[in-house]
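This report refers to the structure that appears directly beneath it.
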Amino acid sequence: MKITKCLFPAAGYGTRFLPATKAIPKEMLPVLTKPLLQYGVEEAISAGLSTMAIVTGRGKRAIEDHFDRSYELENQIDGTSKEQLMDGIRNIINTCTFSYTRQVEMKGLGHAILTGETLVGEEAFAVVLADDLCDCEEKSVLSQMIEVYEKYQCSIVAVEEVPKSETKKYGVIAGDFLTDDIVRVNDMVEKPEPKDAPSNLAIIGRYILTPDIFDILRDTKPGKGGEIQITDALLEQAKQGKVIAYKFKGKRFDCGSVDGFVQATNYFYNKEK
Ligand code: G1P
């Protein structure tokens, strides 16, 4: 079955960007003129997905407004040179469906994904963490991952090599290389200290998950940081040989940190000017 849905966990507080994120969702912070979440949605569209499922929380209404018509504004700029600035978002609104659910308590990424079950149902789906902003020369990271999914028909995580000193910021995998860029995963650890990391292959915020993940998540106990971790749930699938890690081709910016956000801004500015 073809993947059509993309889940965006977007309920987090974004405390690293306070005070900017006091009243604005972190997913709405712009790199140049586009909010982070719009980059994520555009990546999903580029991979052929058209149903966007967003897990939000309190104080996140700006997200819904962004992916909706704004008649008053559109009326103001109709026929002016500003109109074209809205082309991208208009196209998104015309071609995709958006659905929302709220995560009432912040119990971790695994819990956020489980909260999205009601929007996703019984089919494989993609997950994008919008604060990992990616840029690729040919195919987007999600497009590359969907090709891998079509071949292996199991959960896929995107990984990249990171310095060992940084493993404690990521889920880290280990396994058997099937090709230069494809690993059959047999171990996964959430945010290990460098000495405990099974490799330096870090998961970035792109996943393709098979729907059995929801039952696993329901049984997953709180892990690192007392939160329900998607990494722990995926380890259950990995034990059955059902997780592939894919070393994607492209660049990733950690826009959840101020440094990464500034790097992304400079990169896209230089690319687009
Ligand atoms: C989450 C995941 C982690 C993954 C990371 C990618 O962590 O828990 O396994 O490596 O996203 O960005 P977070 O960055 O939300 O703390």
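In table form, for the structure just shown:
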read-out: Near pairs, Cβ below 6 angstrom, 6+ apart or cross-chain, from the stretch 164-179 (away from the ligand (no atom under 14 Å from the Cβ)) to any residue that is part of a strand (DSSP E or B) and among the hydrophobic types (A, V, I, L, M, F, W, C); value: GLY175/VAL183; GLY175/VAL185; PHE177/VAL183
read-out: 2 or more residues modelled with pLDDT of 95 or more and under 28 Å from THR97 (Cβ atoms): qualifying strands (runs of 3 or more DSSP E) within the stretch 120-193; value: 125-128, 132-135, 155-161
read-out: Filtered residue count, the stretch 188-209, keeping only those that are open to solvent by less than 60 Å² (accessible area, probe 1.4 Å) and either within 12 Å of the ligand (Cβ to nearest atom) or more than 30 Å from VAL41 (Cα to Cα) (or both); value: 15
read-out: Hits in the stretch 230-273 (condition: open to solvent by 40 Å² or more (accessible area, probe 1.4 Å) and of a type in the set (Phe, Trp, Tyr)); value: TYR267, TYR269
read-out: Count - residues of the stretch 29-62 that are among the aliphatic types (A, V, I, L, M), part of a helix (DSSP H, G or I) and within 20 Å of TYR207 (Cβ to Cβ); value: 5
read-out: Residue in the stretch 13-24 that is buried (at least 17 other Cβ atoms within 10 Å of the Cβ), touching a residue at least 40 places away in the same chain (Cβ under 8 Å) and of a type in the set (Phe, Trp, Tyr) present; value: yes
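The values are calculated or read from the model by the stated rules, or taken from the named source; none is laboratory data. Bear in mind that the values here come from a model prediction, so they are computed numbers and not experimental data. Please note: Cβ atoms are built from the backbone with ideal geometry, for glycine as well, and neighbour counts cover all protein chains shown. The protein model used for the area step is the full one, side chains on, heavy atoms only, and it has no ligands, DNA or RNA in it. Shrake-Rupley method; radii C 1.70, N 1.55, O 1.52, S 1.80 Å.
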